[in-house]
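Before any comments, here is the structure.
Quick note: the coordinates plus some simple rules give every number you see, no bench work behind them. Since the structure is predicted, the reported quantities are computational estimates derived from the model, not experimental observations. Counting neighbours? That spans all protein chains shown, and the Cβs are built from the backbone with ideal geometry, glycine included.
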């Protein structure tokens, strides 16, 4: 009797590998609650268009790390957006995508995007969930199309299951893929740096860090404003035009000459982890960035007025002041964000 | 009865495992020492405290406070040797400039990197790399027969004087100044032909670098060694100042020797990728 039971049991184990016709059972989903500190700006992510749900965010995360979103299945979003580097491309001035093709811009961090209004170095994208269309279809990044991706994902039963759990049925289409990715990106929030803890009176800054904060507020925060450290404006900061990349910034979008070499002011959160710096990664270090602002700003025709105050081009800073500012900038590193398993691949 | 049941279950699991376990034909990282593979060297020219060198743009301040920017940056690399952890050395076309010498030209850098792709490298786990800065005397003395191809290539890149004087090892040109970079300078260093006959210095230098992680050459892996050159041309062991007396130097005079000593120490391997090679 026991022998027969064992054999039958073993047969069941063998048969259970085929899950095509499995009943998914009842779908269990709940809204995804974003924890937003009181001092953060209001959320801009359109939760009417893309309701934030746990299953949506989970699916979005899986897609974020999914190589099949590229033509040859090797380049996922995470290839250029690496969590340990606040979702930037460690050490790369500009990124290389499929087949080692090179882009022209530095991969920006994915953090606190639910609170911004425009995305990318030239602000060309206004809807976060639509952003993935750009790298997915770009020849030098992921070089593929949505029909291709849908074909691959549809043949994977684990994806059909996740789409059903997130959207009610297992149909996979571009809108759902984008919604899930958008939800995941919106969920990626960095709010626990030393500076955040200081704002919440949970910790104190050192004397040097405090001095740095003061100097930052005097010299930098007119553009790097607020708790997200950007006023989201576009500025020409007197950087040279790189003939190899031919990147004129906002000018490429508007074709208005007054927009030449204007780039969106980036957030400085986690800046310690996102080197190299600027739209083309031209500066290896924060010291180099501050040296640029104090000595290297070119008096361009359309140089932003913030950088030519009192007849002085650039931002005057002594070596001491630069050191203090850098020590303040390091307090913007959020280790719990960088290590958060909720955003990790495994 | 219990024992029989236990063994039945166990043998079933064992059988199942045997039939479903992975079947791999060729281990990705297996080194077959009698076979060869490929390797890539990447040269990134920059200033450590600044960034990559964009010709005619990137402006560096030397340790003596002198601003300078480069409009031309080229150097010759030759006699590449790969060394494994046991100290065994593989010479890549030693003293054979046609096959083993290269011009690193910043003008051809893509996203600040100049690539060298080398073939027929014995499969091995390498832990050091050595290369020559310039062309060795031994190679030069092979005469035109030994290096007509490379001589042409170097000439096209502006890295030669006439044959009697030989190759330019390191060529930089640009502008310098106290507050603005407005004065032109050039420094072309190299050996003056047959150094013994001509009784001049030997500026050929060999540089040996440790690899922070080993480079594994296998049938499937083409390692990529990322070499950073921190151009301490004025700010190395010798702190130099450009002025009227030395802003137009060609050859192997004292200033050229000091520059050579500075630049021979400017290299380090930043990292190594052991990636599966593309088709």
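Over segment A:194-336, Cα pairs under 8 Å with separation of 6+ residues give a relative contact order of 32 percent. If R0 is taken as 45 Å, the Cβ-Cβ distance between residue A:217 and residue B:276 corresponds to a FRET efficiency of 0.35.
Between the Cα long axis of helix A:174-187 and the first principal axis of chain A there is an angle of about 60°, rounded to the nearest 10.
Using only alpha-carbon positions in segment A:194-336, the gyration tensor eigenvalues give semi-axes of 28, 16, 14 Å once each is multiplied by 5 and square-rooted (largest first). When its C-alpha radius of gyration is set against 2.2 N^0.38 Å (N residues), segment A:30-190 gives a value of 1.01.
The modelled label-to-label distance for the pair residue A:174/residue A:318, using points 7 Å beyond Cα in the direction of Cβ, is 5.8 nm. The P(r) of chain B has a tail past 33 Å containing 33 percent of all C-alpha pairs.
So for B:151, B:161, fewest C-beta neighbours within 10 Å to most, what's the order?
So the ranking, lowest neighbour count to highest, is B:161, B:151.
The translational diffusion coefficient of chain A, from Stokes-Einstein at 4 °C and 1.567 mPa s with a Kirkwood hydrodynamic radius over alpha carbon pairs, comes to 58 µm²/s.
The gain in end-to-end length when the residue B:163 to residue B:33 segment is fully stretched comes to 42.7 nm, 0.36 nm per residue minus the alpha carbon separation. I want to make sure I understand the PRE zone here: with the label point 7 angstrom from the Cα of residue B:196 toward its beta carbon, which residues in segment B:135-170 have backbone N atoms less than 17 Å away? Counting backbone N atoms under 17 Å from the label point, the list is B:136-143. Neighbour counts of other Cβ atoms within 10 Å put B:142, A:307 in the fewest-to-most order B:142, A:307.
Helix B:143-156 axis versus longest C-alpha principal axis of chain B: approximately 80°, rounded to the nearest ten.
Starting from the Cα of residue B:182, step 7 Å toward the Cβ, then list every residue of segment A:270-304 with an amide N under 20 Å from that point. Residues A:295-301 qualify, since their backbone N sits under 20 Å from the label point. From the alpha carbon centroid of segment A:165-210 to that of segment A:96-121 is 16 Å. Normalising the Debye intensity of the protein assembly as shown to I(0), with uniform scatterers on Cα atoms only, and taking log10 at q = 0.09 Å⁻¹ returns -0.89.
Let me know the shape class of segment A:120-246, please: from the alpha-carbon gyration tensor, a ≥ b ≥ c as square roots of the eigenvalues, rounded when a/c is under 1.5, otherwise prolate if a/b is greater than b/c, or oblate. It is oblate, given that a/c is not under 1.5 and a/b is not larger than b/c. With respect to chain B, whose longest principal axis is taken over its alpha-carbon atoms, helix B:254-263 is tilted by about 20°.
Once fully extended, how much extra length lies between residue A:100 and residue A:49, figured as 0.36 nm per residue of separation less the alpha-carbon to alpha-carbon distance?
Here the segment from residue A:100 to residue A:49 would lengthen by 14.8 nm.
Just to confirm my numbers, what's the Cα centroid distance between segment B:129-190 and segment B:222-279 in Å? Computed from Cα coordinates, the inter-centre distance equals 13 Å. Taken along the Cα-to-beta-carbon direction at a fixed 7 Å, the label points for residue A:210 and residue B:85 span 5.2 nm. FRET efficiency for the residue A:241 to residue B:48 pair, using the beta carbon distance and R₀ = 25 Å, is estimated at 0.55. For segment B:45-146, the spread of Cα positions along the three principal axes, ordered from largest to smallest, is 43, 36, 27 Å. Projected label points at residue B:155 and residue A:28, each 7 Å from Cα along the beta carbon direction, are separated by 8.0 nanometres. Exposure proxy shown here: for A:200, A:176, the number of other Cβ atoms within 10 Å sets the order, fewest to most, as A:200, A:176.
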